[in-house]
Amino acid sequence: MTPEPHRRKRPAALARSTALMLAAAALAAAALASASAGRPRSQARVRASAAGHLQVIEVEYRLMLSRGVVRAGAVGLEAIDRGSDPHDLRLRRLGSNHEVIVPQLNPGQRWDATVRLPPGTYRLWCSLPEHARLGMSATLRVR
Ligand SMILES: [Cu+2]
């Protein structure tokens, strides 16, 4: 029998190429893992900041804003009554008569909507008797 040189395996070269392929596969897997772990979170953060979001917690007798500044335009406004009494919420830009009115909520209730806020300084308050005077007011900057 004559040897068949072309079909003879070369163990050293084979081992080297297998090692390279494994290394490449490991790199690809690591890249995929980091992409799938990192991408959804960062995209969600970009979307949230681009749209603008403001959460207002209503308790006796305070309004707690999730942030003091939001970007002008469409803002996702969320109000939650975490107190033990009903509360409502008004927003008014200084120098304007236009008010954003959030209906009265009962304890535990939540309300949200997208509102359009032009740039300016806004006063937020609860319009129930005495509530603003007792501390349920806050300032928001929109820019
Ligand atoms: Cu109130």
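The values are calculated or read from the model by the stated rules, or taken from the named source; none is laboratory data. Because the structure is predicted, anything quoted here is derived from the model rather than measured. Using ideal geometry, Cβ is built from the backbone for each residue, glycine included, and neighbour counts are taken over all protein chains shown.
Of all residue pairs spaced 6 or more apart or on separate chains, those with beta-carbon atoms under 8 Å, a first member in the range 118-143 that is free of Cβ contacts under 8 Å to residues at least 12 places away in the same chain and a second member that is part of a loop (DSSP other than H, G, I, E, B) and surrounded by 13 or more Cβ atoms within 10 Å (Cβ to Cβ) are Ala132/Cys126.
Pairs linking a residue in the range 68-86 that is at pLDDT 95 or above to a residue that is small (Gly, Ala, Ser) and within 16 Å of the ligand (Cβ to nearest atom), with Cβ atoms under 7 Å and 6 or more positions apart or on different chains, are Asp81/Gly108.
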